[in-house]
1. Taking only the stretch 1-19 into account, find how many residues are over 17 Å from N116 (Cβ atoms), under 15 Å from the mean Cα position of the chain (by Cα) and without any contact (Cβ under 8 Å) to a residue 60 or more places away in the chain.
2. Among the candidates F59, F71, single out the residue that is touching a residue at least 24 places away in the same chain (Cβ under 8 Å), surrounded by 11 or more Cβ atoms within 10 Å (Cβ to Cβ), aromatic (F, W, Y) and under 17 Å from G132 (Cα atoms).
3. Cβ-Cβ under 8 Å, sequence separation 6+ or interchain: first residue in the stretch 96-120 and over 15 Å from K33 (Cα atoms) and free of Cβ contacts under 8 Å to residues at least 40 places away in the same chain, partner of a type in the set (G, A, S) and surrounded by fewer than 15 Cβ atoms within 10 Å (Cβ to Cβ). Which pairs?
4. Which is assigned to a helix (DSSP H, G or I), more than 13 Å from the chain's Cα centre (by Cα), loosely packed, with under 14 Cβ neighbours inside 10 Å and among the β-branched types (V, I, T), of I102, I113?
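Quick note: the coordinates plus some simple rules give every number you see, no bench work behind them. Note that the structure is a prediction, hence the values are computed from the model and not measured. Quick reminder, even Gly has a Cβ in these numbers, built from the backbone with ideal geometry, and neighbours come from all protein chains shown.
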Amino acid sequence: MENMYINHIAVLICAILNLALGALWYSPVLFYKGWLQETKLNEEELAASSPAKKYGLAFLFALIISYNLAFFLGDAQTDAAWGATAGFLAGFGFSALIFAIIALFEQRSWKYILINGGYITVYFTLIGLVLGAWR
């Protein structure tokens, strides 16, 4: 494709946004208590896990997600509006809904599905916006 354009700096920023949005989304300011209750985890269990491994893998996966969306939005005609729309469609229409299907079979609550599905949808919409705008 001769009109394909990937802004690698924007992709890197989108991967970082995954961690930043997650820190806010799953903080006490927003959904931490509800998420903790629905996962049946406690703070001691969270503290005992390896943060370097968790955040390292999360960043790597977010980088792959960001590159994947960047390839889909790589057309030279992509703009912020289309980026956000495509991000929303990928986040809600694909990712959050497949997450919801899996969670239903795991017998998770709607609260759990909405907290995590909301994060997925907002994240994809945000990175679509960034990738579409930062051409």
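1. Of the residues in that region, 3 qualify.
2. Only one candidate qualifies: F71.
3. Close Cβ pairs (under 8 Å, with a partner that is of a type in the set (G, A, S) and surrounded by fewer than 15 Cβ atoms within 10 Å (Cβ to Cβ)) do not exist here.
4. Residue meeting the stated conditions: I102.
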